[in-house]
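Colleague: To start, I am sharing the structure in question, which I have written as C-alpha cells.
The values are calculated or read from the model by the stated rules, or taken from the named source; none is laboratory data. Source: prediction; values computed, not measured. As a convention, Cβ positions derive from the backbone with ideal geometry for all residues, glycine included, and neighbour counts pool all protein chains shown.
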Amino acid sequence: MACPRGALALARLLLTTAVLMLALVCAAPPAGAQAVYGSISGTVSDNTGAVLPGVTVTITSLERKTSDEVVSNEAGFYTKDRLLPGTYEVRASLAGFKQAVYSDIRVSVDTSTPLNIGLELGEVSEQITVTGFTPLLRTDRADVATTFEARQITDLPVLDRNFTKFVLLTPGTQQLGWSHAASENPQGSTQTMVNGQHFSGTMYQLDGTDNRDPILGIIVINPTLESIQETKITSQNYDAEFGQATAGVVSVQTKSGTNELHGSAFEFFQSDKFQSRNPFTQFAPDPLTGRFLPETKKNQFGASAGGPIRENKWFIFGDYEGTRSTVGGSRLVTVPTAAARAGDFSAYGVSIFDPATGAPSARAQFPGNQIPQGRLSPQALAVLRNIPLPNVPGRENGTIDNYVASGSESFDANAFNVRIDGRLQDGLNMFGRYSLGDFLRNGPQAFGPGGGDELVSLGGISDARNQSIAWGIDHAMSSSLLADFRFGWFRYKVNVLPSDFGATPATDAGIPGLNLDNTFASGLPAFFIGGDSDSRRIAFGSGLGDRVGRCNCPLDQDEQQYQIVGNITKLVGSHTFKFGVDVRRAFNLRVPSDRHRSGELNFENERTAGPAGGGLALASFMLGDVTRFTRYVSPTTEARERQWRHYYYAQDVWRPTQKLTLNYGLRLDVINPQTVN
C-alpha cells in the first residue's frame, strides 16, 4: 500500500502546485525569486540625465556565449533576472545614440548587480566601451551578506575541505560548543549560531532547493569545493522569499559547464610520520602491531571537468571527491584484575559486605574482602570473557588505569555532482543537477567485542548515503515578465550499528530478556560499574553514554522531501514585483536508541556497602546484583511521519528615485500537522 499512497501524495503535490502557478500567472502583481540566480539592473539615461525608454540592453555570458535582451521601460529602468553567476558583457543601443558596452560585469548568486548606463548622442555604429567597471554601492537590497566566489573557496586554507566552515567567516557567527555525533553527521556539517540564534534556524539551499535536514537541522549535501560556483551567506534582513529561517540563509550555486573544456585535479595527503606521542597512553608499543602510534593517515583526492555538449546551447559539469581516512586513538582505562574476577578484592582497599545478610546497617563483611566462588554470578563471569586483562601496571595496586587500548578508525567518503544546463530556445533555459554523498565510518572500541570507550569518535559502524536532485526551468515571457519553476528532492539516510549487531551475547551469557531479537535488541548491553565520579568506574558494551562508544545505535534514519517552487517577476514602472509559492512533502523516519535497546545495567557501591560504609561496584557486579536497569523501547520501528509544508510570499522593490529604494514584502508559512503511517 506504500507505493499507491506515495504516488497519490505526489500527484496531489503536482496538482496543487499547478493550480497555484496558474493563479500566479493570472494574478496581479506577480513576482519571482532569485535564490538560484543573480541579476543586472539599472537606469538608462542620456548625457543630460534624462531617462531613456525603449533602449535595447543585450546581456551576454562570456563563459557560455548565451544572450538575452531586455528593453528599458517608460521610467528608463531595465532589469534582467535569472542570470547564472559569472561574467557578462552588457551592450545598450538606441537609434540616435552611440552604443555603450560594459565588457566585464560580475553577477553573483541572489544579488542584483547595479549598472546605470549613460548613452551619448551619435551613430549606433559607434560604440563606447567601458572597462574596469566597479559596481556602485548596493542600494536595491537591505540584506547583510558575505559572498564567496569559486576561486576564494578553493584557495582559502580549509584543511578538511569542509564547506560549512565558510559560514564561520561571516560576521556574527560562532561555532557551537557541541556537535552531532559523527555517526549521524558523516558529512561533517559544522553547527554554527548566526547572530546568537540556534544553529537549526539557518537555512541551507543548493541550487535554489532545500538542503537542510529537518530533524537534525544541519546540511544534507555538504557540497564539494570543486563543485561550487558561488555561495552567499546572508545573516540579516533576507527577503520575504526566504522562509524556514530564523538565523542565516546559506545559498550555494553549483558550477555550470562553459563553451571551453576545463577541469581540475587535486590530492591532499596527511600521515602520522611527524605526529607526537601521548606520554600517558602511548608510552609503550602496541604488543600486536609494535607501533607507538596507531596508524593515522588521511587522503583526499578528486577531479572535475566541464565543457559544452553543444556550443552556445548545452553544457555539462561534473566532479568527484574521495576521502580515505584512518585516524588512530588510544585510551587508558580500567579493567577488572585477575584476582577480582576470582572474587578476591583485597587489593582494592575497600571493605565489601554481603547484601544477602540484611540491610546495610546489619550486613556482614565478606571475610578478607573475598567473595566465595559459589556466590559469583555465572552470567558476570561469562560476560567478563569479552573484557581483556590488565596490560599495564596501573595505579593503586594495579586496580585503576591498568589497560591501554589503541586502534584506528576508518572513514571512507565518496561524493560526486553532475549538472547539465541548456537553452531550449531564446528566453527559455533549463538546468538539472544530481548530487550524492556516500560515507562509511568504522570505529573501534577499547575492548573489541566487549565494547567500551570509543577510541576516536565512534564505537560502531555508520553507513550513510545522502542524495539531492534539483531541476529548474525559467522563461522570459517578455522583457518585463519572467517566471521560473524548480523541483527539488533530497534523501538523508543513515544507519548506525554496534560492531556486534546481530549477535546475542547477553543470551549466550545466560542473561534472559535482553537480546529479544537479532536486530534492534541485539548486541552486548551497556554495563556501567560505578558512578560517573567513581575513580574505579568500569564501563563496557555499547550505547550512547560516556565510555560505551557514544553510539546511538541501532539507529535507522531515513528522511525524504519533495519540493516544488514557482516564482514570477513583473517589472512595472519603477516597481519590481515578486510573488512565489513553495510546496513540500516530507517523509521522515528516525528510530533512535538513546538507551541501548538490549538494556543498560548499572552496578553501584551501595549494594555491597555495610554499617561503616565501604562497598565496591565491581563486587556488586560479580554478585550479579543490578542496581538499576533501563532500556529504550518502542512499539514499532517503522513509524514514518508525513507532513505537508507550503509557503507563499509577495514582495516589491520600489525605486521612487535613483537615490532611494524601498524593499517590502509579506510571507506566509503553513506547516501542517504530521501524520504517521
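Colleague: Report whether or not GLN300 is closer than 30 Å to PHE274 by Cβ, in contact with a strand residue (DSSP E or B) (Cβ under 9 Å, 6 or more places away or on another chain) and of a type outside the set (Ser, Thr, Tyr).
Modeller: Judged against the criteria, GLN300 is a match.
Colleague: Here is a further query. Is it the case that the stretch 135-145 has a residue that's assigned to a strand (DSSP E or B) and either within 26 Å of VAL581 (Cα to Cα) or at pLDDT below 85 (or both)?
Modeller: yes
Colleague: Can I ask one more? Take the stretch 629-639 and flag every residue that is surrounded by 17 or more Cβ atoms within 10 Å (Cβ to Cβ) and among the aromatic types (Phe, Trp, Tyr).
Modeller: If the condition is that a residue be surrounded by 17 or more Cβ atoms within 10 Å (Cβ to Cβ) and among the aromatic types (Phe, Trp, Tyr), then TYR632 is the only one that fits.
Colleague: Suppose we keep only residues that are outside any strand (DSSP E or B) and of a type in the set (Gly, Ala, Ser) within the stretch 269-326. Which one would you say is farthest from GLN253 (Cα to Cα)?
Modeller: ALA284
The rows are residues; the columns are (1) in a loop (DSSP other than H, G, I, E, B); (2) touching an Asp or Glu at 6+ places or on another chain (Cβ under 9 Å); (3) among the hydrophobic types (A, V, I, L, M, F, W, C); (4) modelled with pLDDT of 95 or more.
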residue: ALA464; (1), (2), (3), (4): no, yes, yes, yes
residue: ILE469; (1), (2), (3), (4): no, no, yes, yes
residue: ASN518; (1), (2), (3), (4): yes, no, no, no
residue: PHE527; (1), (2), (3), (4): no, yes, yes, yes
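Colleague: In contact (Cβ under 8 Å) with a residue 24 or more places away in the chain, part of a strand (DSSP E or B) and surrounded by fewer than 18 Cβ atoms within 10 Å (Cβ to Cβ): does that describe SER435?
Modeller: It is false that SER435 is in contact (Cβ under 8 Å) with a residue 24 or more places away in the chain, part of a strand (DSSP E or B) and surrounded by fewer than 18 Cβ atoms within 10 Å (Cβ to Cβ).
Colleague: Residue under question is ALA100, and the condition is that it be part of a loop (DSSP other than H, G, I, E, B) and within 27 Å of MET477 (Cβ to Cβ); does it hold?
Modeller: For ALA100, the condition - part of a loop (DSSP other than H, G, I, E, B) and within 27 Å of MET477 (Cβ to Cβ) - is not met.
Colleague: If a residue has to be surrounded by fewer than 24 Cβ atoms within 10 Å (Cβ to Cβ) and part of a loop (DSSP other than H, G, I, E, B) to count, how many in the stretch 588-628 make the cut?
Modeller: 14
Colleague: Same structure, new question: Of the residues LEU458, LEU384, which single one is in contact with a Cys (Cβ under 8 Å, 6 or more places away or on another chain) and crowded, with 21+ Cβ neighbours inside 10 Å?
Modeller: Every option except LEU458 fails the conditions.
Colleague: Cβ-Cβ below 7 Å, separation at least six or inter-chain, first residue in the stretch 256-279 and more than 30 Å from ALA305 (Cα to Cα), second surrounded by 12 or more Cβ atoms within 10 Å (Cβ to Cβ) and among the aliphatic types (A, V, I, L, M): which pairs?
Modeller: Final answer for the pair search is ASP272/LEU293; GLN275/LEU293; ARG277/LEU293.
Colleague: Separate question: With the checklist (1) under 20 Å from the mean Cα position of the chain (by Cα); (2) in contact (Cβ under 8 Å) with a residue 40 or more places away in the chain; (3) under 30 Å from ILE568 (Cβ atoms) in hand, flag the one item ARG441 doesn't pass.
Modeller: (3)
Colleague: In addition: Got at least one residue in the stretch 554-569 being within 28 Å of VAL335 (Cα to Cα), in contact (Cβ under 8 Å) with a residue 12 or more places away in the chain and in contact with a strand residue (DSSP E or B) (Cβ under 6 Å, 6 or more places away or on another chain)?
Modeller: Looking for residues that are within 28 Å of VAL335 (Cα to Cα), in contact (Cβ under 8 Å) with a residue 12 or more places away in the chain and in contact with a strand residue (DSSP E or B) (Cβ under 6 Å, 6 or more places away or on another chain), one finds at least one in the stretch 554-569, hence yes.
Rundown of residues vs (1) modelled with pLDDT under 90; (2) more than 30 Å from VAL249 (Cβ to Cβ); (3) among the basic types (Lys, Arg); (4) not assigned by TED's automatic domain parsing to the domain that holds THR209, yes/no style:
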position	(1), (2), (3), (4)
ALA9	yes, no, no, yes
LEU15	yes, no, no, yes
ALA23	yes, no, no, yes
ALA35	yes, no, no, yes
SER39	yes, no, no, yes
THR56	no, yes, no, yes
ARG64	yes, no, yes, yes
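Colleague: What is the one condition in (1) in contact (Cβ under 8 Å) with a residue 60 or more places away in the chain; (2) surrounded by 16 or more Cβ atoms within 10 Å (Cβ to Cβ); (3) at negative phi that GLY343 does not satisfy?
Modeller: Result: GLY343 passes all but (3).
Colleague: Output the number of residues of the stretch 190-216 satisfying the condition of being more than 17 Å from LEU168 (Cβ to Cβ) and part of a loop (DSSP other than H, G, I, E, B).
Modeller: Adding up the residues that qualify gives 7.
Colleague: Answer with yes or no whether GLN275 is closer than 22 Å to ASP110 by Cβ and not aromatic (Phe, Trp, Tyr).
Modeller: The answer is no for GLN275.
Colleague: Can you tell me how many residues within the stretch 150-194 are among the basic types (Lys, Arg) and in contact (Cβ under 8 Å) with a residue 24 or more places away in the chain?
Modeller: 2
Colleague: Can you work out which of the residues in the stretch 551-584 that are of a type in the set (Lys, Arg) and crowded, with 22+ Cβ neighbours inside 10 Å is farthest from LEU524 (Cα to Cα)?
Modeller: Step by step, filter the stretch 551-584, then rank; the result is LYS570.
Colleague: Restricting the search to the stretch 629-643, which residues are among the basic types (Lys, Arg) and not in a loop (DSSP other than H, G, I, E, B)?
Modeller: Correct list: ARG642 only.
Colleague: Let me ask you something else. When you look at GLY502, is it touching a helix residue (DSSP H, G or I) at 6+ places or on another chain (Cβ under 7 Å) and of a type in the set (Gly, Ala, Ser), yes or no?
Modeller: So GLY502 does not fit the description; no.
Colleague: ASN391 - would you say it is more than 30 Å from THR60 (Cα to Cα), within 29 Å of the chain's Cα centre (by Cα) and surrounded by 14 or more Cβ atoms within 10 Å (Cβ to Cβ)?
Modeller: Taking the combined requirement at face value, the residue does not satisfy it.
Colleague: Tell me, which residue of the stretch 383-430 that is in a strand (DSSP E or B) and out of contact with any strand residue (DSSP E or B) (no Cβ under 8 Å at 6 or more places or on another chain) is modelled with the highest pLDDT?
Modeller: In this case the residue turns out to be ILE400.
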